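To keep things clear, I will list the structure first and then write my remarks on it.
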Amino acid sequence: MKHEYPENFARFYDLIYHHMRDSVDNDYFQNVIKQTKGKVLEIGVGTGRLFSNALNQGADIYGLDISHSMLNVLYKKLPEDQHYRISLQNVIDFKFDFKFDLIIAPFRVIMHVLEKDEQIRTLNNVYDHLEKSGKFIFDAFVPDLNQLLNGIDNQVDFEGEYEPGKKIRRTVSTNPDLINQLINIRFCLEWDEDNKLKHEEWRVPLRYYFRYELEHLVERSKFEKYKIFGDYQGTELNQKSREFITICQKG
Ligand SMILES: C[S@@+](CC[C@H](N)C(=O)[O-])C[C@H]1O[C@@H](n2cnc3c(N)ncnc32)[C@H](O)[C@@H]1O
């Protein structure tokens, strides 16, 4: 995939997102996984930021991702006899010969799927892999209109140490493309290694959604029922909502 996470971005992913994201979504996803009696699938599992926790808690959880570099990080966290749970597949056309009671796509996975027909294929493929009354939960951010107009210019969004005495810093810039509904993101990583300051850049587009487009999309899919919440605490959508948490129900 042209926008696949580069190796060094995969390498530092957990450091950055355990810090920036766990407090927002970890409890929510661990709870819905715990409440599921049966198999769970995380599509876009990445480095297993949430997955590893769930597996350690005893969940019968599987994961797939399109990125070699992200999965390589995850494989290293798992004992070899659990590697069968992970596969390199695309959300659009993944295949399993069994079904799941819960499928989740946490942290913007769906926003990486840029084309309309691919989005519908993803939803329908998920539907086909769910048991009779299975659920699919995915999130997207509510676009910030200021950012859509002006973008962000070289904002430091993470600064810390990845090993004692070794600094790392990430900056982010965005360039909105209103007509294609994309936010083109440019991440820059700078870190100390081998007594040098290393630097790497990565550009990735995310497809943003407005509320009614999201509703139309789900309504065009095979899902019979769905509800969109405004945060991980189950608050109804309102003017302050920053997240679209979409829960699609089969049957
Ligand atoms: C922001 S990360 C989220 C990872 C993980 N779910 C988490 O919560 O930390 C998005 C992940 O989606 C994966 N991804 C993007 N497009 C994909 C596709 N078409 N099929 C499978 N995985 C995809 C990326 O490789 C990346 O690992």
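Each value in this text was obtained by applying a stated rule to the coordinates, not by laboratory testing. Source: prediction; values computed, not measured. Heads up, the Cβs are rebuilt from the backbone with ideal geometry, glycines too, and the neighbour counts pull from every protein chain shown.
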Quiz prompt | Percent of alpha-carbon pairs separated by more than 13 Å within region 145-207 | solution = 65
Self-check item: Residues of type lysines that Lys196 reaches as a straight line, Cα spacing below 17 Å, ignoring anything fewer than 8 places off in the same chain
Solution: Lys166, Lys167
Quiz item: Straight-line reach from Lys240: which lysines have a Cα under 18 Å away, not including same-chain ones fewer than 8 places off?
Solution: Lys227
Self-check item: Computed P(r) (all Cα pairs; the chain; 10 Å bins; percent)
Solution: 7, 29, 38, 21, 5, 0
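Work out, step by step, the length gained on full extension between Leu114 and Gln147: first 0.36 nm times the residue separation, then minus their alpha carbon distance; give nm to one decimal. Write down the numbers at each step before the final one.
On the way: separation 33, 0.36 × 33 = 11.88 nm, distance 1.93 nm.
Contour length minus the Cα-Cα distance gives 9.9 nm.
For Leu178 and Arg242, what is the calculated FRET efficiency with R₀ set at 25 Å and r taken between the beta-carbons, to the nearest 0.05?
0.80
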Quiz prompt | Relative packing of peptides 81-90, 209-218 - highest average C-beta neighbours within 10 Å first | solution = 209-218, 81-90
Quiz item: Considering amide H positions built from the backbone, and no H for Pro or chain starts, which residues 5 or more places from Tyr226, or on another chain, come under 5 Å of its amide H?
Solution: Gln249
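Lys and Arg at +1, Asp and Glu at -1: add these up for the other residues within a Cβ distance under 12 Å of Met20 and post the number. Could the numbers behind the result be given before it?
Working: positive: Arg21, Arg49, Arg170; negative: Asp14, Asp22, Asp25, Asp157, Glu159.
Net charge around Met20: -2.
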Quiz item: Using modelled backbone amide H atoms (1.01 Å from N, in-plane), which distant-in-sequence or interchain residues come within less than 5 Å of Leu41's amide H?
Solution: Tyr62, Leu102, Ile103, Ile104
Self-check item: Computed [θ] at 222 nm, deg cm²/dmol, the chain (DSSP H ≥ 4; -39,500 (n - 2.57); rounded to nearest 500)
Solution: -8500 deg cm²/dmol
Quiz item: Net charge near Asp60, counting Lys/Arg +1 and Asp/Glu -1 over other residues with Cβ under 15 Å of its Cβ?
Solution: +1
Exercise. Filter the cross-link list Lys39/Lys99; Lys37/Lys250; Lys116/Lys250; Lys99/Lys132; Lys37/Lys135 down to pairs whose alpha-carbon distance in this structure exceeds 18 Å.
Key: Lys116/Lys250
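If r is the Cβ-Cβ distance from Lys222 to Asn154 and R0 is 51 Å, what FRET efficiency results, to the nearest 0.05? Walk me through the numbers before you get to the answer.
On the way: r = 43 Å, r/R0 = 0.84.
With a Förster radius of 51 Å, E is 0.75.
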